[in-house]
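J.: Starting off with a structure, shown below.
Read the figures in this text as sums done on the coordinates, not as results from a lab. Computed from a predicted structure; not experimentally measured. So basically every Cβ, Gly included, is an ideal-geometry build from the backbone, and we count neighbours across all protein chains shown.
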Amino acid sequence: MLQKSSFTLSDGSTLDDLIKRDTNEVSLRVMNDEELYKLEMERIFAKTWLLLGHETEIPKSGDFVVRDMGEDQVIVARDRSGEIHVSLNVCPHRGMKVCTAEAGNAQVHRCIYHGWAFRADGSFIGAPIEKEQMHGNIRQKEELGLKKARVHLYGGLIFATWNIDGPSFDEFLGDSKFYFDQLFCRTDNGLEMLGPPQRFILPCNWKIPAEQSASDGFHTLTLHRSLMEGGIMGGTPESIYDNAPGMYGVDVSCEQGHSLRCLEAAQTFKMFSDISFEGKSVEERLQMLPPPGITKELIPQLFKNLSPEQVEQLATIPPQVGGMFPNVLVLFIFAPRTDGGSSGALALHTYVPRGPDKVEFINFVFAEKDAPEQVKRDMLQNTIQQAGTSGVIEQDDADTWPQIMRNSRGVVSKTVTLKYQALHGHERPEGWHGGGLLYPGFTKDDTQWNWWMAYYNLMAEA
Amino acid sequence: MVNYATAAVDQASVMRGLVSKKRVPLGSEIYNRILETLYDEAAALDERRFDDWIALLADDLVYTAPVRVTRSGPNKDRDVMRTMMHFDDTYQSILMRTGRLSKSAWAEDPPSRTRRFVTNVRVAECDIAEEYEVSSYLYVERSRFDVPHNETISAERRDIWRRGDGAYKLAKREIIVDQSTLGMSNFAIFL
């Protein structure tokens with residue numbers, strides 16, 4: 001691994017100068033570099049699996065949404081047979097967008113420029129005035145469809161990649177599948193996206209939010225101090241630096257760069273601090289406190305869809321926050337409500353690059369499809385109040401990241417390194433069932449460093 | 001559930017502006033008092049006098065901001081998507097937000113300098129006595145730190161103001177933002 005081929009930027013810097021594997025440091029300049037950004041688009045965003053949405057957004061034949069894979073815009077559409085296709089939103093005739101709407105329903109996508117028409121599966125139907133054969137006679141119609149990405153559905157989540165012959169989705173997930181299944185594949189009818197995503201632009205590089213998504217638990221203590229002041233997370237504002245119960249759990253990760261923070265409710269949230277699972281069976285634990293987003297009537301479905309080991313973890317120390325490499329944040333939290341209840345908040349974010357100095361924050365909000373309508377309503381409200389545009393947790397992140405970006409421009413500042421040197425090292429807790437790289441105890445830098453190593457490995461591949 | 005299909009689009013997604021036909025004319029006493037209240041509200045928020053703002057809110061307040069989605073063809077005007085929102089708040093959750101702003105809310109500490117411009121105010125009577133539908137345009141300039149470029153947002157607000165004890169209180173507000181992808185990095189400010 002240490003001998004991988006790499007690249008040299010025009011000022012002579014190599015990947016090893018930017019990511020210092022001997023000391024676990026990353027040069028701040030990686031956040032603001034046009035050349036590096038172009039390489040990232042080729043080597044990461046055109047190569048790996050990317051999250052685009054959820055199948056419940058496009059339930060009917062012809063339904064489509066327009067999304068982005070890096071800077072490449074795609075149409076995510078369901079065809080007449082129910083299959084989901086991801087096709088480049090670029091007309092092969094003159095390069096116009098084939099879909100100008102963000103979402104809709106159409107069996108035929110006709111480019112508004114010259115009228116070339118395409119089916120939901122991206123295949124070319126024809127150009128106007130058929131007898132004049134306006135697509136010419138050099139290329140056959142079969143060659144003139146929209147460029148298609150490879151698609152994989154996982155728990156209804158729509159992933160796509162341009163790497164047609166690359167790793168399978170299961171290889172991409174690796175050992176983290178055991179944990180992600182507990183969030184996305186646990187009920188008979190799965191998750192439902194509750195509405196179109198929130199979208200907003202932040203003036204910062206995509207990697208600033210993305211590396212934080214790799215289970216940066218430590219920032220919660222200071223940046224999200226208001227969670228402790230508000231009595232939501234355990235600990236008091238006066239004592240959080242002496243005693244920070246919400247920081248302890250098991251961080252799980254893998255060499256693919258994905259990670260999740262598995263946290264006991266009683267340890268993390270003040271309102272659950274009296275709950276003790278001691279001596280209780282898995283079933284009893286689930287009845288006492290179902291995991292975020294699960295209602296009591298859904299508990300039997302967990303046993304049906306997951307292995308006993310997965311259910312045991314979900315009942316005891318569920319995965320709550322984390323990320324999927326390269327640009328997905330996972331937020332499946334208990335999220336206490338202002339009225340004292342707790343129905344959970346389930347959200348995924350993608351951080352879509354918009355140039356070296358901008359990122360689009362897309363916030364997808366979910367509930368279990370079979371959850372009662374009132375629970376879905378509560379969860380939507382809960383999630384909006386905690387996460388995304390106006391979310392009281394994520395407002396603070398959105399204000400912090402652009403300031404890191406501002407610093408990355410300074411000729412001296414950009415030589416500063418980001419440090420991932422507080423390491424626990426892999427350690428398997430007693431009785432732990434899942435695989436992967438495991439970091440029990442206080443949340444440290446290991447998972448984020450694994451994210452950077454996944455980044456390194458992809459960037460080193462020409 | 002998201003429904004982008006041509007058929008069965010929620011009619012409410014078209015709803016903009018005033019619903020009631022019983023207009024309260026410009027320059028009338030009621031219109032003037034409501035306009036004055038909107039100006040007072042904007043000043044309270046710009047000056048970060050949150051207690052004064054809370055005093056203008058009814059305790060059954062519903063405060064929302066649906067997302068917009070760019071659509072075409074037969075659905076091109078049905079672009080207010082009320083299945084997802086940027087704000088989805090009640091009086092209680094607004095208190096939670098303002099309470100947080102008095103502590104460690106780094107998103108507004110140091111605070112933004114804001115300027116709220118309220119125009120195009122139209123008022124109509126509701127079916128319920130003493131309640132008024134108020135539609136206004138809002139334009140906000142927001143300055144953060146020493147960044148010389150302001151973040152801005154433009155929106156239509158569809159409000160219900162209720163009269164009681166000689167003052168008007170906000171009972172309902174729907175903020176219809178114009179952008180489908182917001183150019184503002186967060187809504188740590190109120191609109």
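J.: Give, rounded to the nearest 20 debye, the magnitude of the charge dipole that segment B:13-177 has about its Cα centre when Lys and Arg contribute +1 at Cβ and Asp and Glu contribute -1 at Cβ.
T.: That gives a dipole near 600 debye.
J.: Amide H neighbours of A:ASP63 under 5 Å, at least 5 residues apart or on other chains, H built in the peptide plane: list them.
T.: Residues meeting the amide H criterion: A:ARG78, A:ALA106.
J.: Quick one: compute the contact order of segment A:348-462, relative version, from alpha carbon pairs under 8 angstrom and 6+ residues apart, as a percent.
T.: The normalised contact order for segment A:348-462 reaches 12 percent.
J.: Moving on. Report the Cα centroid-to-centroid distance between segment A:110-138 and segment A:274-349 in angstrom, as an integer.
T.: Between the Cα centres of segment A:110-138 and segment A:274-349 lies a distance of 50 Å.
J.: Place +1 on the Cβ of every Lys and Arg and -1 on the Cβ of every Asp and Glu in the protein assembly as shown, take the dipole about the Cα centre, and give the residue among A:GLY95, A:PHE159, A:SER61 whose Cα lies farthest towards its positive end.
T.: It is A:GLY95.
J.: If you take each beta carbon of peptide A:60-66 and count the beta carbons of other chains within 10 angstrom, what is the mean?
T.: 3
J.: What are the equivalent ellipsoid semi-axes of segment A:50-162, built from the alpha-carbon gyration tensor (square roots of five times its eigenvalues), in whole angstrom, biggest first?
T.: So the equivalent ellipsoid measures 25, 14, 12 Å along its semi-axes.
J.: By how many nm would the segment from A:SER273 to A:GLN73 lengthen if fully extended, with 0.36 nm per residue of separation less the alpha-carbon distance?
T.: 67.4 nm
J.: Sequence-distant or interchain residues sharing an amide H contact under 5 Å with A:ILE125, placed H: which?
T.: A:ALA117, A:PHE118, A:ARG119
J.: Between B:PRO74, B:PRO66, B:PRO111, which gets the highest mean-square fluctuation from a Gaussian network model of chain B, Cα cutoff 10 Å?
T.: Comparing B:PRO74, B:PRO66, B:PRO111 in the GNM, the peak value goes to B:PRO74.
J.: Tell me which cysteines of chain A come out unpaired when the rule is another cysteine's Cβ under 4.7 Å.
T.: Result for chain A is A:CYS99, A:CYS185, A:CYS204, A:CYS254, A:CYS262, no neighbouring Cys Cβ within the cutoff.
J.: What are the residues whose amide H is under 5 Å from the amide H of B:VAL62, where those residues sit 5 or more places off or on another chain and H is modelled from the backbone?
T.: B:LYS172, B:ARG173
J.: Now for a different question. Please give the calculated 222 nm ellipticity per residue for the protein assembly as shown, where each DSSP H segment of at least 4 residues contributes -39500 (n - 2.57) and the sum is spread over every residue; nearest 500 deg cm²/dmol?
T.: -6000 deg cm²/dmol
J.: Which ³J(HN,Hα) values in Hz, rounded to whole numbers, follow from the phi angles of segment B:97-108 under the Karplus curve 6.51 cos²θ - 1.76 cosθ + 1.60, where θ = phi - 60° and Gly and Pro get x?
T.: 5, 5, x, 5, 5, 8, 10, 8, 10, 5, 4, 10
J.: Using the Kirkwood radius over C-alpha pairs as Rh, can you work out the diffusion coefficient of chain A via Stokes-Einstein at 10 °C, viscosity 1.306 mPa s, in µm² per second?
T.: D = 68 µm²/s.
J.: Have a look at B:ILE94, B:THR114, B:LEU18 and report the one farthest towards the positive end of the charge dipole of segment B:13-177, computed about the Cα centre with Cβ charges (Lys/Arg +1, Asp/Glu -1).
T.: The one lying farthest along the dipole's positive direction is B:LEU18.
J.: To continue, here is another question. Evaluate peptide B:96-109: per residue, the Cβ atoms of other protein chains within 10 Å of its Cβ; return the mean as an integer.
T.: 6
J.: With θ taken as phi - 60° and the coefficients 6.51, -1.76 and 1.60, list the Karplus ³J(HN,Hα) couplings across segment B:172-188 in order, rounded to whole Hz; mark glycine and proline as x.
T.: In residue order, the calculated couplings are 7, 9, 10, 9, 9, 6, 8, 8, 7, 10, 5, x, 8, 6, 6, 10, 8 Hz.
J.: With +1 on each Lys and Arg Cβ and -1 on each Asp and Glu Cβ, and nothing else charged, work out how big the dipole of segment A:355-462 is about its Cα centre, in Debye to the nearest 20.
T.: For segment A:355-462, the charge dipole is close to 400 debye.
J.: Quick one: Karplus J couplings for segment B:49-63, per residue in order, coefficients 6.51, -1.76, 1.60, θ = phi - 60°, nearest Hz, x for Gly and Pro?
T.: My calculation for segment B:49-63 gives 8, 5, 5, 5, 5, 4, 5, 8, 9, 7, 6, 10, 4, 10, 10 Hz in order.
J.: Could you calculate the contour length gain from A:LEU423 to A:GLN133, that is, 0.36 nm times the residue separation minus the distance between their Cα atoms, to one decimal place in nm?
T.: Taking A:LEU423 through A:GLN133 to full extension adds about 98.0 nm, to one decimal.
J.: Chymotrypsin sites (Phe, Trp or Tyr not before Pro), restricted to segment A:95-132: which are DSSP loop and have at most 16 other Cβ atoms within 10 Å?
T.: A:TYR113
J.: Using Cα pairs closer than 8 Å and at least 6 residues apart in sequence, work out the relative contact order for chain A, in percent.
T.: Rounded, it is 21 percent for chain A.
J.: Below 8 Å between Cα atoms, with a sequence gap of 6+, how large is the relative contact order for chain B in percent?
T.: Taking the mean separation of contacting Cα pairs over the length of chain B, I get 24 percent.
J.: Enter the Cα centre distance for the pair segment B:108-174 and segment A:147-183, rounded to the nearest angstrom.
T.: About 44 Å separates the Cα centre of segment B:108-174 from the one of segment A:147-183.
J.: Report, in degrees rounded to the nearest 10, the 0 to 90 angle that the Cα long axis of helix A:446-459 makes with the longest principal axis of chain A.
T.: Between helix and principal axis, roughly 20 degrees.
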